[in-house]
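Report on the following structure.
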Amino acid sequence: MINKIKGIIRALSFNVDKLAEEIIWYGEKKNGKYIIPIVIDFDFCLTCRSSWIKGTFIENPHAFDTLKKWNEKYNCGFILETMRGEKKITPALDFIKKKGINLYGIGRNPTQGSDEDLSCKAWGIFNIDDRDMNIPLVYPKNNRPYVDWKALDDLMSLTIKKLHNRIIEVEDRVLKAKKIAEETHKAVKIDYSY
């Protein structure tokens with residue numbers, strides 16, 4: 001397990017430059033810093049137990065403390081992506097708000113194109129869901145597994161910190177490249193309709 005985690009950390013560290021460029025190219029700033037968009041699930045990610053029928057939830061230990069830390073230290077913005085439909089999402093949103101988290105987006109990243117070009121997949125640098133591969137889980141007896149936020153914090157905080165710092169280091173270079181690309185392609189309009 002330790003070697004597997006080390007491999008994940010090496011892979012993430014290797015991609016920090018590309019992730020930083022992507023955030024600068026497609027993202028936005030809040031309070032003078034780029035937002036690091038992270039897509040999160042609700043059931044069995046932010047909760048360790050959920051009841052869709054009753055609308056009751058048990059908070060996943062360390063989840064909200066970790067989200068608050070990442071938001072305050074590294075300017076992470078959280079995008080909720082869930083299977084919950086319009087009627088079932090309201091109790092989840094209320095629960096998240098009561099825990100002190102203001103979501104950056106629900107179902108999509110706010111910087112993700114216009115209303116005419118909506119993707120059905122939210123754009124984020126990382127995705128945290130109990131069903132994702134390599135996400136550490138807690139396996140309670142006689143219950144469904146849920147995200148192990150303590151292990152996830154240990155695993156991801158260093159990479160998020162490196163990403164946050166790298167954004168600052170490469171911002172000028174990426175913005176110059178973006179400006180050149182925009183000027184070069186200004187006259188070119190491609191029609192992708194079929």
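Coordinate-derived values only; no laboratory data. The model shown is predicted, which means the values in this text are computed figures rather than measured ones. Quick reminder, even Gly has a Cβ in these numbers, built from the backbone with ideal geometry, and neighbours come from all protein chains shown.
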Problem set entry | Residue that is surrounded by the fewest Cβ atoms within 10 Å (Cβ to Cβ) [pool: residues in the stretch 12-46 that are of a type in the set (Phe, Trp, Tyr) and in contact (Cβ under 8 Å) with a residue 40 or more places away in the chain] | 25
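Here's the yes/no breakdown for (1) of a type in the set (A, V, I, L, M); (2) free of Cβ contacts under 8 Å to residues at least 40 places away in the same chain:
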position: 122; (1), (2): yes, no
position: 127; (1), (2): no, no
position: 132; (1), (2): no, yes
position: 145; (1), (2): no, no
position: 175; (1), (2): yes, no
For this session: Restrict the check to the stretch 140-150 and report whether at least one residue is under 19 Å from the mean Cα position of the chain (by Cα) and either under 14 Å from residue 24 (Cα atoms) or part of a strand (DSSP E or B) (or both).
Result: yes
Exercise. Quick one: how many residues across the stretch 68-89 are free of Cβ contacts under 8 Å to residues at least 12 places away in the same chain, farther than 17 Å from residue 44 by Cα and of a type outside the set (Asp, Glu)?
Worked result: 1
